[in-house]
Structure formats: C-alpha cells, structure tokens
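The next block holds one structure in the form of structure tokens; read it before the comments.
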Amino acid sequence: MKNVFASVLMMMMTVGQAMAQGVSFEAKVSKRTLGLNERLRVDFIMNENGDDFTPPRFSGFIVVGGPNQSISNSWVNGKRSFSKTYTYFLTPTQKGALTIAQATIDVDGETYKTTPVKITVTEAVEVPRDPNSPEYLIDDNLHLVAEISNTRPYLNEAITVIYKLYFRNPLRISDARAVENPKFADFWSHNIDIPQLKVENSSYKGEPYNVVVWRKSVLYPQKTGKLTLEPLSLSLVIDLPSNRRDFFGNRILQQSSRTVTAGKRTINVKPLPEKGKPANFFGAVGQFNFDALINKNMLKATESFEIKLKITGNGNLKLFKLPELVLPNTLEVFEPEHTENVKTTLLGMQGNIEDNYTVVPRFQGKYPIASFSFSYFDPKKEEYFTLRSSEHIVDVFGGPLANNSNDNTTTFAAKQILANTDESFRFIKLKPNLEPIFKKEFWNSKLFYALLTSPIFLLIAFVFLMQRNQRIAGDVEGSRLQVAKRLSKKYLGEAKKNLKNKTLFYDALERALYNYLKARLKIKADDFSKDKIAEILAVKNLEAEEIQPFNALLENCEVARYSPATDAKMQQDFDQALSVISNIDKKL
C-alpha cells in the first residue's frame, strides 16, 4: 500500500510540475539570413500534444519539403519530457526582409500561437557542394549564363544580353519561373519577345547540352564608366533519377527545387571621343542616311508646302533629335509632326524617323532652301561623319512682292493687299439657304404625343417588374441555389484560370466547394467542418460512398498546398470537383 501511495503521489507531483511549467509553442529556424539560392529549415515545437495544427502561409517562400512530424516522449528520474515537432523546408522566392507568420495549435481547448520570425534574404551565394548529395549532380549539369555581345561599348551603342539556361542528362526541367528580373537602371532597354520557350541542342564549354533561351534584351548605355547588370534568377523544379527502381527496373525520379542565378555582370562604357566631334552633333550613334525632301517646287502665295527631314539607318534612333529647320523670315513655319517607324531587333534599332514641317510663303519670289547637315558617330569605324541634304529652290507666285525697307506704312499696305486679294476664306458659304428645323407646330407633332404617353408605359413596366421581383423574393430556396451555383462557377472559374499555379488553384477550388455547401445546406461558418458536412449530407439521404469523394477532395486541397502537384493532378482534381457538385445537386 505504501508503494502504491508513493506512486500516486509521484504522478500527482509530475502532473503538477507539468501544469506549472505551462504550454510552450515556438518556431525555430536554421538561420536568420540566407541567400536567394539557399534553403531554410523551420521547426514548430510544442511541449504538449495538441490538435488542429495550422501552419502559416510562408509568404515569399516555396515549401520544398514537409511537413515532417516527430514526437519525443521520455521519463527521466520520474520527470516526463514531451516534445512534438512539425518541420518544413523552404526556398525564398525574393530578396529583402521576409516574415514567417504565426502558426496555431489547440491544446485542451486553448489556442496557442508562435511568435513571427523575421528572415533576411540576400543575393544568391556560393554554397559548398557535397559529392554524396543529389545537389552535386545538379550543380555539374545546370548553368544559367548571360551572354553579352560587347562588354566595352561606346555611349549609346547597342549591345545585346541573352540569358540561356543550359542543362543536360540526367536532369529534366519540369517547371521554371523568374524570381528576380534585371532592371537595367542605367540603360535604355528593350526586351525581344520570345513567343515560346524551346529546348534546343547546343554546347557549353565544348560539351553537348540542352539549352533554353530565356530572355533577350537590347541595351543602350546612357552613362559612361563601369555599369552593373543586375542578375537574373530562376526558380526551377528539377527531375533527377534516384537509386530506387520500380517494378519494371526503371529508375524512380525524384524532384528537387533549385534557384539559379546568372550573377552580376559589369559593362565598361566608353565616352565618345572629343577629337573630331562636329559642332552640330547631338548624340546620334550608329550608321545613318539623311535627306531633306520637298513636296512642291512651285506654288501660289498662302498655299503650303512640306519639308520632310528624314533619317534612316541602324542606331539609337529614338534617343536623339533631328536638326532644326532654319528658313527665311518671309516663310511661316509650323511645328513639325514627328513620326517614328522603328523596330528593335538583336541588331538594335532599325528604321527611320521623320520631322514633317508645313511651310506657308506670304510673298512671291524664289526661295532657296539651303542644305541641312546631320552628324553622327559610327562606333564600328570609331569616327564622326557629317551628312548634307540637297539644295532646293521654291518658286512662289500670285502674291505681293516682299518689301525689305523699314517703311512701316508700305509694309502694312503690302500685307493689307495680300489679305484682301487672298482666297483664304473662300470655303465660307455666303448664301447658306438656311431652313427652320421644325416646319410644323410642336403641339401637333409625333414627338409631342410620344412624350405625353411615355409615363403610362413606364408605369406599366414598373408594375410588372415589381411583381417579378416579389416572385423571386418568395422563392428563397431557388434564390439560394442560384447564389450557390454562381459562387461555385465563380471560384471554379478562378481555379481553371490558375491551373498553372498550384497555390492559387487549390485555394480557389476549396473556396468553391465550401461556398457551395454553405448556401445549399444552410451551414453556418462556425459549424463548418468535415464531420458536420458528412452529418448533414447523410440527413439529406446521401450515401457514404457519395459523401466520401467530397471530403477526399477537401483533403486533397489541404495536402496539395504543401506538397508538389503536377498539371495532370490539378486537372484531375478540377474534373472531380465538377462531378461531385453535379452528383450532390442531383441527390438534393
């Protein structure tokens, strides 16, 4: 009896100590600072067994492993030690300060939360490789490279940057997306469209590889000196063979997530030479042709003609201005109309730019249009060139002669003659033959009677509309069913749009199922659980084999958030959701 009493007393003391210690629930991370290409381990540890563990959403991270659950329960010197741990492995998707939000768990009816953990993600770092790890195989057969056409260009000289992803057997890329795109802050940039990513055969460092051209960019440096190209980083899902084999002897593939980066590159931009620089040089760099075109050589005074300054060629066409038009004061010049017909390829900008001036002469005479000059720098020949247009003479007749004297009276008289003899206002009709709009009285018109009877028709339409709304309001069940169908179609539509994004797809699919049952079965939000759903569906005369697919689909949505899912699996779950909703509708 003494031994039994001592044992009971010991157990009561142990329970008392456990209660005195209290419940502990905390989040621990393997590191607080990591590179964009590194992994992070997160452990959620509790000292009491709990239920309904809810992890955070891990914003800014991809879950590449977990949750892994481990339990430790031991007695040492009469003291109980319990520990339960949920472990996740994460890969960051962006740089900067990120936060792992709170996880929650219920212990004896109380909800406990972890403290948020702040993580700093830096640029990709070099990670030591383990020859015994599959990561070693990936590092040796996967490369993201930025190929630059010219690392020492002149200011405003075009260069191309092509980002290529090289990989070879036994690796296969099952998914890829950009997590960091270069900004090209000190460059004028243009991305060449790639309609579809294609895998092609190529070589890397003399060895055969598969290659995917991920991005093509054309850059024009806008500053001199050493400029930095920010890196491109890609998040990849890689299939690689494991040491296990299936029933037929084929190697079983395993998936691994990896973030690769092309690294920073430095461009040394040379300034344009001062030696030989023309006075009328305004920044044109490339190879160009220049001309000034006139559409009329003979016209009347006050008529107009056009002078078009046109530059054609290959270079920074959008980054400089054309020469200004300088003409005699007796010619009135309007602001030019600027047009660009330029396309950007891997060779740079190609095409032409134009300034089209409208010119109106006020006096008769012969007007010489002197040649215009345009200067540019050719980076290939490293030399300045100056182009001159052809000279033209415009013959103006039918107007007063220009008077260059200082007699203001004579000048005013000449302009007055021009104004009086000009036909500038010949488009104005002097005898318009206007007629009244209403030939009949308004009181006897059709418009009057239509306006008079329109309130009656509006009143009748309003009565019919009110009756229709009352019928719809009385059909509560029908309205609820319509709302449920609209919600299901809405969320299923969102799920279908996001078949390529696992997280968004399963969030939308789960919301569609829940919202449908809320309206269809009149379930309140606080009663929403799988057991409650199964109970109510059973009351509605649904068999267990008809309820099980719905709950199984909800479990798929929960599990798929934290485990890899293929496009085929997501399509299968989407089709299953359509079938489950259709079957429940038929039964109900």
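Miscellaneous remarks
- Protection proxy ranking of 144-152, 315-323 - average other beta-carbon atoms within 10 Å, highest first: 315-323, 144-152
- Sorted from longest to shortest, the spans of the Cα atoms of region 283-397 along the three principal axes equal 50, 24, 18 Å.
- Mean separation of Cα contacts under 8 Å, 6 or more apart, over the residue count of region 134-269: relative contact order %: 30
- Cross-link pairs exceeding 27 Å between alpha carbons, from the set 500/587; 28/500; 321/380; 164/381; 216/275: 500/587; 28/500; 164/381; 216/275.
- Footprinting exposure proxy ranking of 125, 260, fewest other C-beta atoms within 10 angstrom first, gives 125, 260.
- For the pair residue 340 and residue 587 in one chain, pulling the backbone fully straight at 0.36 nm per residue adds 82.4 nm over the alpha carbon distance.
- Amide H contacts under 5 Å for residue 150: 160, restricted to partners 5 or more places along the chain or on a different chain, H placed in the peptide plane at 1.01 Å from N.
- Close amide-amide hydrogen proximity is noted between residue 296 and 306, each under 5 Å apart and 5 or more residues distant or on a separate chain (H modeled in the peptide plane; Pro and chain starts excluded).
Quick note: the coordinates plus some simple rules give every number you see, no bench work behind them. Not measured: the values here are computed from a predicted model. Positions of Cβ are backbone-derived with ideal geometry, glycine not excepted, and every protein chain shown enters the neighbour counts.
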